[in-house]
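I am attaching a structure below and will ask some questions about it afterwards.
Values quoted throughout were computed directly from the atomic coordinates according to the rules given, and no laboratory measurement underlies them. None of these values were measured; they are calculated from a predicted model. Please note: Cβ atoms are built from the backbone with ideal geometry, for glycine as well, and neighbour counts cover all protein chains shown.
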Amino acid sequence: MKAMILAAGRGERMRPLTDHTPKPLLEAGGKPLIAWHIERLVAAGFPEIVINCAWLAERLQAALGDGRQYGARIRWSVENPALETAGGIARALPFLGPAPFLVVNGDVWCDWDFSLAREKAAVIQESSAQAWLMLVDNPPHNPAGDFVVDGNGHVRDSLHVSHQDGPSAGSDAPAPTLTFSGIGVYEPALFRGITGQEPAALAPLLRRAMHADAVLGDHYRGHWMDIGTPQRLQHLDTHLRQERLAP
């Protein structure tokens, strides 16, 4: 099973920090954001990593190379211009192979155990699903959330959820809306019809698959952050440095 880190974005909300530095190379806790992902993926048994790049691609490639400094084997999927999430993944499919693969947004930080992705891949294969999504509590910048998980573990669009889609059978409480973490496991078939030559968003593909009961998910309650602004980057840096000093 292979993994992909999405790292092609311009990082507009991070300007001016990203004017001359690729967003994945911004540092928190003494190392680049993307290094946290690579190290944890390798530790979880995912040494083969695909990384897409577009904005300041040469700088990102120069910093990470082929990944040997991390014990990884990095393959680069270069985009010009950036192809958005689904377009970027579709372009990288030749590197990812025919089996389900793990995808991680380069601008999130999470302590989820990546080794569990293999279990999620097995589950979607056994159920004929096309995707598994890790969902988290809604952060302040996304209070309405994106999706819900119904009583059968299927992910639904929060805009089209019936009252019956509660957290468990017989429950009167509606399922809570949750935010997509940017971490998921996907079947290559999800991207059928996406050329990888032009920009394409992921959300429409997921919503179409949801209507076919083909998206599974879990609510993760551990530590997760979307590092979308300089303030959130500083917050993560403070968190990681305090964690390092903790006894």
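Can you put MET225, MET4 in order, fewest other beta carbons within 10 Å first?
Listed from fewest to most nearby Cβ atoms, that is MET225, MET4.
Within 10 Å, at most 12 other Cβ atoms, and a DSSP state outside H, G, I, E, B define an exposed site. Report the longest part of the chain free of exposed trypsin sites (Lys or Arg not before Pro).
It works out to 1-191.
Compute the distance in nm between two label points, each set 7 Å from the Cα along the Cα-to-Cβ direction, one at GLN69 and one at ASP137.
Distance between label points: 3.6 nm.
What is the fewest-to-most order of TYR220, TYR186 by other Cβ atoms lying within 10 Å of their Cβ?
Lowest count first: TYR220, TYR186.
Could you point to the residue in THR238, GLN125, VAL50 farthest towards the positive end of the chain's charge dipole, with +1 and -1 charges on the Cβ of Lys/Arg and Asp/Glu respectively?
VAL50
Dipole size in debye (nearest 20) for the range 3-245 around its Cα centre, Lys and Arg Cβ +1, Asp and Glu Cβ -1?
About 600 debye.
Separate question: Compute the angle between helix 33-43 and the longest alpha-carbon principal axis of the chain, please, reported from 0 to 90 degrees and rounded to the nearest 10.
Here the helix axis deviates by roughly 70 degrees.
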